[in-house]
């Protein structure tokens, strides 16, 4: 598998780690213009770290759902093209605004990913939808936002089992989510994100 | 947006960042479209680069304004609202007692409580007094009704704003109890910094200090007694239930303060815990 342009492995204090070029966001280690992308703080980072074939090559137009405080979406904006960051909670969005301050191609939106019509007048069709929302009905969110994906686009989804069902067996939860997802997507790859994130599944899917 | 197929820039005059931000916030449409190309074709932007610069300005402004607005519904506002609600309830009850006592001296059918004050306020009593001026006791009953209405309006306000201030705590505790805990602690941050054992007895300070002076057993619960998880549990297990509930509420308050994101799994963890406690054998 290949890393997208703008992402590479870099030495930080003798340790090799993923890195992108951009202004630091939360005090992560930096070396020159490279800053470390910690897979423990980022599901997308964990997917790249584990060699998932994301199809990312750099420069894509991205819609990021569940941007939170902007830790991951900051890295995405470092290597991608226009990046739309949707987050529903006000408090983390305040931090997201700081991340957007340093990045010309990052557009922050305080919107609910379950109601795409509230941002479809702003977001253009995109090459990649990255979804990391901790809510019940993660497959529904992905299906509702399928309208933004170009036909050859990719969905990079992180499924959090405990958001769907706390007590259920994660594998059973994943199967359920993937079954619901198949209504609009074809799953290309799936990979558990342990040890970086417990009970999370990384999914690469294409719209069908 | 007048036309549902328009992008955010459709009705925005050139060089009007406020209008652009408002369009981003309030607009909507069903399907996305290649907005950058359309904006350039419509003459809104010179080229894609200009479009993205304008888009960035508009989305940043819109999001800043939206965040400010949401956060204005902050914890201190909620504290005032819940305290005002409790004041109204207390005053309404106190005055209703006075109304009942006064009305009881002249009317045989006099009842008690806010309920009776409401009746009296509505029908004005059956004493055949036709003058425009209501009897003083009826006028007082009307005040009781108004204050009680105000308490109800404040409750609705608290129910609406508590989930914005503390989404997880409000989901676990219910909006009113969530607001009460925040008020007792003095704010969401203060609540988030308290250990769970303190949260468990918030509102039971008298009993707690009596206990610390060595005169009484330690209180098992403060205002969290109002929660179904405590009240609905057999008295033998209420201490456990209160301890478990306080633990989860403390976690919820911390998530709300430090992250602000909703974590639905907390609800289920609490339900699961309480269910196990309630299933215990009791003598």
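The values are calculated or read from the model by the stated rules, or taken from the named source; none is laboratory data. Quantities reported herein were computed from a predicted structural model and do not represent experimental measurements. Cβ: placed from backbone, ideal geometry, glycine included. Neighbour counts: every protein chain shown.
Pick from the range A:143-163 the residues that are more than 8 Å from chain B (Cβ to nearest Cβ), surrounded by fewer than 24 Cβ atoms within 10 Å (Cβ to Cβ) and over 24 Å from residue B:33 (Cβ atoms): which of them is farthest from the chain's Cα centre (by Cα)? Among them, the one singled out is A:161. The single residue among A:177, A:133 that is at pLDDT 95 or above and either in a loop (DSSP other than H, G, I, E, B) or touching a helix residue (DSSP H, G or I) at 6+ places or on another chain (Cβ under 7 Å) (or both) turns out to be A:177. A Cβ distance below 8 Å, combined with a sequence gap of six or more or placement on separate chains, defines the contacts here; from the range B:29-43, residues that are more than 9 Å from every other protein chain (Cβ to nearest Cβ) and closer than 9 Å to residue A:125 by Cα reach no residue that is modelled with pLDDT under 95 and assigned to a loop (DSSP other than H, G, I, E, B). The single condition among (1) at pLDDT 95 or above; (2) outside any helix (DSSP H, G or I); (3) more than 16 Å from the chain's Cα centre (by Cα) that residue A:140 does not meet is (2).
So, of the residues in the range A:117-135 that are facing chain B (nearest Cβ under 9 Å) and within 17 Å of the chain's Cα centre (by Cα), which turns out to be surrounded by the most Cβ atoms within 10 Å (Cβ to Cβ)? This residue is A:123. Of all the criteria given as (1) within 9 Å of chain A (Cβ to nearest Cβ); (2) loosely packed, with under 15 Cβ neighbours inside 10 Å; (3) closer than 22 Å to residue B:18 by Cβ, the one not satisfied by residue B:62 is (2).
If the condition is being in a helix (DSSP H, G or I) and either modelled with pLDDT of 95 or more or more than 9 Å from chain B (Cβ to nearest Cβ) (or both), then the range A:101-116 contributes only A:116.
Taking the criterion of being within 17 Å of residue A:83 (Cβ to Cβ), more than 7 Å from chain A (Cβ to nearest Cβ) and buried (at least 16 other Cβ atoms within 10 Å of the Cβ), the residues of the range B:44-59 that qualify are B:51, B:54, B:58.
Yes/no matrix, rows are residues, columns are (1) surrounded by fewer than 20 Cβ atoms within 10 Å (Cβ to Cβ); (2) under 30 Å from residue B:167 (Cβ atoms):
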position: A:2; (1), (2): yes, no
position: A:12; (1), (2): yes, no
position: A:49; (1), (2): yes, no
position: A:64; (1), (2): no, yes
position: A:89; (1), (2): no, yes
position: A:101; (1), (2): yes, yes
position: A:111; (1), (2): no, yes
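A count restricted to the range A:46-93 and to residues that are within 16 Å of residue B:60 (Cβ to Cβ), in a helix (DSSP H, G or I) and touching a strand residue (DSSP E or B) at 6+ places or on another chain (Cβ under 6 Å) stands at 3.
The residues of the range B:153-171 that are within 18 Å of residue B:270 (Cβ to Cβ), part of a helix (DSSP H, G or I) and either within 13 Å of chain A (Cβ to nearest Cβ) or at pLDDT below 95 (or both), listed by number, are B:162, B:163, B:167, B:168, B:171. Candidates B:212, B:181: the one that is outside the structural domain of residue B:87 (by TED's automatic domain parsing), out of contact with any strand residue (DSSP E or B) (no Cβ under 8 Å at 6 or more places or on another chain) and surrounded by fewer than 16 Cβ atoms within 10 Å (Cβ to Cβ) is B:212. Just to be sure, is residue B:15 at pLDDT below 95, loosely packed, with under 13 Cβ neighbours inside 10 Å and not in a helix (DSSP H, G or I)? Against the criterion (at pLDDT below 95, loosely packed, with under 13 Cβ neighbours inside 10 Å and not in a helix (DSSP H, G or I)), residue B:15 qualifies. Within the range A:153-170, the set of residues being over 12 Å from residue A:137 (Cβ atoms) and at pLDDT 95 or above comprises A:153, A:154, A:155, A:156, A:157, A:158.
Looking across the range B:209-239, the residues that are in a helix (DSSP H, G or I) and closer than 21 Å to residue B:83 by Cβ come down to B:223, B:224, B:225, B:226.
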